[in-house]
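The values are calculated or read from the model by the stated rules, or taken from the named source; none is laboratory data. These figures come from a predicted structure and were not determined experimentally. Neighbour counts run over all protein chains shown; Cβ positions are idealised from the backbone, glycine included. Just so you know, the surface numbers come from the protein's heavy atoms only, side chains and all, with ligands and any DNA or RNA stripped out. Shrake-Rupley method; radii C 1.70, N 1.55, O 1.52, S 1.80 Å.
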Amino acid sequence: MPLIAVFTIVSCADDNNLNQELDTANSQKQEFARVVNSTQIDSDDFTKSLLGKGFISSDNLVPDFSKEKVLRSLSGVTKKAPTLNGPFTYTVPVPSPNPTNQKVTYTQVGNTYPTSGIYYADVYNYFMKVELPAGAVAAYVESVDNPGYANYTTQTQGFNNSTAQENGKTYLVANTYTMVLKYNSVGQLINAVVPAASGPKTFTYYYFTL
């Protein structure tokens, strides 16, 4: 009789464990289905909503927005040599993910983890917005320490920057992205941070005055 009682208790425990595993598996399937059906936002479209249509990416910075070009342009218009002010720094803490559940075609870098493939990722937008002095006529971001992506869709590394006018004031706005690749294409949990370890990021910037 005692042996039967022990056997009965163990059988109930096994059933409970199996039910919990099935519940967990069903919950994960439902979560992955929600992720797959999430709204997708192209990186350039998301950046335009933050920085405006005329934003400059760092991979285009040298030909399109170099210090030398700005100096020549401003000197030609004003007939006066502008003054370069800086460097200044602005540190952005780790933000909340936005947008989330983005489907990306990830390309492996060297032998790093994970491998190339389709993933569903949460995007972390490190966004800077700095009010410029009243006399500033142009501004740009020179660098970001440990930069992320200028474009999370294509995984182009770097950053974006632009200037914006609000209520009579001029702002320098900039951003860079990191991602957490949460799931692969078959729903396996990955949780890999790319392209660099998470943490605050510091933007270095300059502005010109006449």
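Once backbone amide H atoms are built at 1.01 Å from N, Met179 has Tyr124, Val194, Ala196 as its partners under 5 Å, excluding neighbours fewer than 5 places away on the same chain. Can you give the net charge of the other residues whose Cβ lies under 10 Å from the Cβ of Thr91, counting K and R as +1 and D and E as -1? Combined, the nearby Lys, Arg, Asp and Glu give 0. Per residue, region 79-210 exposes 46 Å² of accessible surface when a 1.4 Å probe is rolled over the protein heavy atoms with every protein chain present. For Thr170, nonlocal amide neighbours, meaning residues 5 or more places apart or on other chains whose placed amide H falls under 5 Å from its own, are Leu132. Across the cross-link table entries Lys129/Lys182; Lys48/Lys169; Lys29/Lys201; Lys53/Lys80, which are compared at the Cα atoms, the separations over 24 Å belong to Lys129/Lys182; Lys29/Lys201; Lys53/Lys80. Distances between placed amide hydrogens fall under 5 Å for Thr156 paired with Ala150, Asn151, all partners being 5 or more residues away or on another chain.
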